[in-house]
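The values are calculated or read from the model by the stated rules, or taken from the named source; none is laboratory data. What you are looking at is a predicted structure, and each value in this text was computed from that prediction instead of being measured. Glycine also receives a Cβ, built like all others from the backbone with ideal geometry; neighbour counts cover every protein chain displayed. Side chains are part of the model used for accessible areas, which takes the heavy atoms of the whole protein and leaves out ligands, DNA and RNA. Shrake-Rupley method; radii C 1.70, N 1.55, O 1.52, S 1.80 Å.
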Amino acid sequence: MSARPFTITAIPALSDNYIWLLEAGNGKCAVVDPGEAQPVLAALAARGLDLSHILLTHHHYDHVDGVPELLELYDATVYGPADDRLPFVHEVCREGEDIHLEGMGITFQVLDIPAHTRSHIAFYGHGALFCGDTLFSVGCGRLFEGTAEEMQGALDKLSALPAETEVYCAHEYTQSNCAFALAVEPGNPALQKRATEVDTLRARGEITLPSTLADELSCNPFMRTREDNVVTVARGLDPQATAGASTMAVIRAWKDRF
Ligand SMILES: [Zn+2]
């Protein structure tokens, strides 16, 4: 992988969100999913940065509510999905159309990954994946507007990216996700290792992200709905469950009440 032309830093926001700050090294920067403005403004001031781009993965308030205030102070271009609930998007992003962040040397592919919301997108490029609330480390988003079939399709699409891809999801949910994943696959050694590592990081108050797609493929039950262990567990809850989307449906429903 060639060197990434920008750095990525987490700005903690709200109770457990991360706003990702992308710095190009020339004073320009982008943020992904600014659910509130204040912590972004503080980070920009501390680093002397000019906000030139805002990327949105989906319309939920904890990903977009900072946008109007940021636009009052910065002449930034807003990229996001086609959705009437996002009136401040300047550049509508569609799968198959790359976006180029002017002045930052950054190009991202847009991936349609509906399921958590019907218009959810991801940005992928330079070895990094910004996947909002669809894929979490060791978990996945709730199905607010989509189906288990759509989540299976979305996670299959992300699974096809290179294994070394770094996963920048939007919440610090990893520790509770590990607790659920261990209920699904108590004997998965990669998961046991990840859970221990996450406990250590959280005990120190440290971030558990990014993970890699390789980590997720080995630890995340929602990325493993065709693994015999996971299908067998789903079948214990619903004898009709088969590999793939129906196992996704069963374990997602279990996680909702876990
Ligand atoms: Zn959301």
Whole-Hz ³J(HN,Hα) from phi, Karplus 6.51 cos²θ - 1.76 cosθ + 1.60, for the stretch 20-25, glycine and proline x: 8, 9, 10, 10, 8, x
Using 0.36 nm times the number of residues separating residue 229 and residue 97, minus their current alpha carbon distance, what extension gain do you get? 43.7 nm
For residue 193, go through the lysines and keep the ones whose alpha-carbon is under 23 Å away, minus same-chain ones fewer than eight residues off. 255
Report in % the part of the accessible area of the chain that belongs to carbon and sulfur, leaving out ligands and nucleic acids; probe 1.4 Å. 49
Loop only per DSSP, at most 14 neighbouring Cβ atoms within 10 Å: give me the GluC sites (Glu not before Pro) in the stretch 82-152, ordered by residue number. 95, 97, 102
For the stretch 114-258, what is the convex hull volume of its Cα atoms per residue in Å³? 97
Ranked highest first by average number of other Cβ atoms within 10 Å, how do 37-45, 113-121 line up? 113-121, 37-45
Can you tell me the Rg and Dmax of the chain, counting just the alpha carbons, in angstroms? 18.1, 58
Debye equation applied to the C-alpha atoms of the stretch 2-71, log10 I(q)/I(0) at 0.12, 0.21, 0.26, 0.29 Å⁻¹: -0.27, -0.81, -1.20, -1.43
What is the spin-label model distance, in nm, from residue 118 to residue 75 if the labels are put 7 Å beyond Cα along the C-beta direction? 3.7
Can you compute the helix-only [θ] at 222 nm over the chain? Use -39500 (n - 2.57) per DSSP H run of at least 4 residues, normalise by all residues, nearest 500 deg cm²/dmol. -10000 deg cm²/dmol
Assuming R0 = 25 Å, can you tell me the calculated FRET efficiency for the pair residue 238 and residue 61, based on Cβ-Cβ distance, to the nearest 0.05? 0.15
Roughly speaking, what is the stretch gain from residue 197 to residue 47, that is 0.36 nm per residue apart minus the C-alpha to C-alpha distance, in nm to one decimal? 51.0 nm
For residue 157, the aspartates and glutamates lying under 14 Å Cα to Cα, once residues fewer than eight places off in the same chain are dropped, come out as 95, 112, 149, 216
Taking 165-171, 213-219, 231-237 and ranking on average Cβ neighbours within 10 Å, highest first, one gets 165-171, 213-219, 231-237
On average, how much accessible surface per residue is there in the chain, in Å², for a 1.4 Å probe, leaving out ligands, DNA and RNA? 42
Derived scalar couplings ³J(HN,Hα) [the stretch 47-61; Karplus, 6.51 cos²θ - 1.76 cosθ + 1.60; whole Hz; x for Gly, Pro]: 9, x, 9, 10, 7, 10, 9, 10, 10, 10, 8, 6, 7, 4, 4
